[in-house]
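Notes follow the structure.
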Amino acid sequence: MTVAAARKTACLLFLSLSACYLALAPCTTDGRGYVPEDKDAALGFLASFNAWVKGRPVQPITWTRHGPVPLLLDVPFVRLGKLFVSPDFVLSLQPVLLTVGLLTILYLWLRKLCTPGMSLLLTLIAAFGTMLWPYAYIGLETKQSFFLLLAAYLGLAKGKARGWPSVLWFSIISALAISMKANGAILVPAIAYLIYVQFRGDWRSRWKQALTAALVITGIWLLSVIGWRLFWNPRGGATRALQAWVTASPFQFFTNAIGLFGSPNKGLFIFAPVLLLLVYAIPRALRAHREITVFALLVTVCTVGFLSTLVVTADELWGPRFLHVTIAPLLLLIGAAWPRFTWRTHAPLMVLGVVGLGISFLGAFYYYGERGAAAGAADQSVLEWLAGDSVWNEVLFDARLFEVWASGGVDPVPWTPAHVWAWTAPPDAKPWKTVNLRDYADPQSFLLYYWNMQLSGSDRVIFRICWIAAVLGPLSLLWVVARTSNITAARIVSAVPILAIRGRKASRTL
């Protein structure tokens with residue numbers, strides 16, 4: 001496949017995945033973590049800017065917990081939403097586009113490592129078989145993950161940036177990668193490694209470019225720090241807020257590190273099952289593509305190392321959300337280890353991809369807050385229980401909800417989240433409360449939720465957009481698969497004469 005053909009396929013993949021994601025999208029940011037806060041801050045920023053331009057009194061800017069840098073990315077979407085449908089709807093598209101953009105970068109990078117078929121297969125597993133899909137609707141972590149992978153692509157896959165424009169572009173993207181969240185400092189070693197690779201062997205001749213890159217990255221990050229300190233300082237400071245979550249036991253550091261990968265409730269291997277293959281892929285990838293492997297491991301080790309110091313390593317959201325940033329880099333290692341697909345060797349890859357599809361579908365189909373609402377109704381809304389209690393396992397809980405929704409009807413579906421006492425219940429123990437699963441079984445998809453309802457105004461526009469996306473998304477994705485299959489077949493056919501000539505030469509030699 002030529003470079004032009006690979007880019008054309010990547011563009012088609014971007015459009016098809018965007019449509020597929022949009023088909024089940026909730027089309028709102030309400031209740032999605034701190035995204036509504038960011039939306040309100042962006043609206044306030046636009047109002048203040050408009051007042052300043054017109055010479056009116058300017059209201060103070062509302063600072064967000066992650067500083068001004070992510071806010072600058074939100075403002076264009078909110079501004080466009082004031083012209084089309086609503087700011088809430090257009091801003092809800094941002095994580096979808098960022099996730100699809102990340103997947104497109106992943107595909108382009110895999111094309112440098114793998115065959116077209118293997119590249120597409122791993123990209124589709126990433127898109128629908130990992131927690132990248134649910135987080136395209138939740139809206140958190142997507143900015144940081146996108147810019148980190150883009151920085152790595154520019155720093156490793158594209159080779160050394162020779163011209164000043166390329167150096168500045170790489171520097172800005174790297175700065176954004178560590179400035180999109182207040183915890184971005186934990187990714188500094190990974191970004192430092194990208195800088196090292198960029199200027200390795202050229203320090204003396206390119207010291208001006210290296211110094212400029214360091215200054216740009218540091219400057220943007222410091223501006224971000226100043227911004228999020230304005231949010232946290234009135235609340236006692238970010239350091240003080242973090243100290244309340246830091247564990248005092250070194251043993252918990254070890255158990256946390258293991259649990260981040262293998263916990264049945266919040267383990268990365270549950271919410272991205274394909275990453276189980278890393279046990280075999282990392283040694284092979286390290287021999288074949290050392291720089292990519294070192295970068296992916298730096299991202300993972302730094303993130304896991306930081307999270308392991310906390311009392312609770314996950315929250316009420318879907319899966320281990322703070323490991324979202326590691327998924328795409330780790331998937332690269334699987335492609336680096338096995339560039340060609342063979343059914344006999346890679347049957348586990350297909351099995352894990354299918355398992356991941358089922359799990360990720362549940363996370364995309366339901367709003368993560370339904371489990372928290374049910375836990376609150378049962379008087380069991382405890383963060384440790386939501387993160388580690390098998391009774392409140394989110395995969396099993398959403399599977400129950402899907403069964404209720406698929407069976408139809410309107411009758412109550414009682415469910416008691418009972419626990420097993422060890423071994424005798426206390427004499428004053430209260431009975432476990434029963435909740436009605438029917439109250440939480442409606443899907444978050446705008447299209448499915450309003451399927452049989454009469455809509456008007458902007459709601460009708462959104463419904464039609466989602467309906468069109470539901471039709472065009474799968475069809476265009478099949479087109480991408482067919483296109484890749486044709487290219488793969490053409491490569492095989494073109495290779496036959498070459499193999500035949502080599503065979504004749506070998507026979508003559510004998």
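The values are calculated or read from the model by the stated rules, or taken from the named source; none is laboratory data. Nothing here was measured: the structure is a model prediction, and the numbers come from that model. Cβ sites come from the backbone with ideal geometry, for glycine too, and all protein chains shown count toward neighbours. To get the accessible areas, we keep the full protein, side chains included, count just its heavy atoms, and leave off ligands, DNA and RNA. Shrake-Rupley method; radii C 1.70, N 1.55, O 1.52, S 1.80 Å.
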Legend entry - the chain, dipole about Cα centre (Lys/Arg Cβ +1, Asp/Glu Cβ -1), debye to the nearest 20: 3000
Inset, instruction - Give the accessible area for T309 in Å² (nearest 10); use a 1.4 Å probe, count only protein heavy atoms, and leave out ligands, DNA and RNA. - result: 40
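Express the carbon and sulfur contribution to the solvent-accessible surface of segment 362-465 as a percent, rounded to the nearest whole number, probe 1.4 angstrom.
Reported share for carbon and sulfur atoms: 56 percent.
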Inset, instruction - Would you rank F77, F89 by solvent-accessible area, highest first, keeping every protein chain in place and using a 1.4 Å probe? - result: F77, F89
Inset, instruction - In whole Hz, with x marking every Gly and Pro, tabulate ³J(HN,Hα) for segment 79-86 from phi via Karplus 6.51 cos²θ - 1.76 cosθ + 1.60, θ = phi - 60°. - result: 5, 5, x, 6, 9, 10, 6, 6
Legend entry - Per-selection Rg to Rh, segment 93-242 - Cα, Kirkwood hydrodynamic radius: 1.02
Legend entry - Nearest-20 debye value, segment 30-157 charge dipole, Cβ charges on Lys, Arg, Asp, Glu: 320
Inset, instruction - Tell me the Kirkwood hydrodynamic radius of segment 1-125 in angstroms, computed as one over the mean inverse distance between distinct C-alpha pairs. - result: 16.6
Legend entry - Which of L352, Y137, G319, positive extreme of dipole for the chain (C-beta unit charges): L352
Legend entry - Dipole magnitude of segment 117-217 about its Cα centre (Cβ charges: Lys, Arg +1; Asp, Glu -1), debye to nearest 20: 420
Legend entry - Surface per residue (accessible, 1.4 Å probe) for the chain, Å²: 48
Legend entry - Per principal axis, descending, Cα span of segment 345-472 in whole Å: 59, 50, 26
Inset, instruction - Quick one: accessible surface of L106, probe radius 1.4 Å, all protein chains present, in square angstrom to the nearest 10. - result: 0
Inset, instruction - Two decimals is fine: what is log10 I(q)/I(0) at q = 0.17, 0.21, 0.24 Å⁻¹ for segment 236-337, from a Debye sum with one equal scatterer on every Cα and no solvent? - result: -0.79, -1.07, -1.25
Inset, instruction - Using the Kirkwood radius over Cα pairs, work out the Stokes-Einstein diffusion coefficient for segment 288-368 at 10 °C and 1.306 mPa s, in µm²/s as a whole number. - result: 107
Inset, instruction - Just round it to a whole percent: the fraction of Cα-Cα distances in the chain exceeding 34 Å. - result: 42
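For H66, H289, what's the largest-to-smallest order of accessible area, 1.4 Å probe? Numbers along the way, then the final one.
Numbers: H66 25, H289 60 Å².
Reading off the accessible areas and sorting them downward yields H289, H66.
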Legend entry - Ranked order, E37, E403, E394 - accessible area, probe 1.4 Å, largest first: E403, E37, E394
Inset, instruction - Express the carbon and sulfur contribution to the solvent-accessible surface of segment 98-188 as a percent, rounded to the nearest whole number, probe 1.4 angstrom. - result: 69
Inset, instruction - List the trypsin sites (Lys or Arg not before Pro) within segment 329-407 that fall in a DSSP loop (any state other than H, G, I, E or B) and whose Cβ has at most 15 other Cβ atoms within 10 Å. - result: R340
Legend entry - Solvent-accessible area of Y196 with every protein chain in place, 1.4 Å probe, in Å² to the nearest 10: 100
Inset, instruction - Among F147, V75, W109, flag the residue with its Cα farthest along the positive direction of the charge dipole of segment 63-176, charges on Cβ as +1 for Lys/Arg and -1 for Asp/Glu. - result: W109
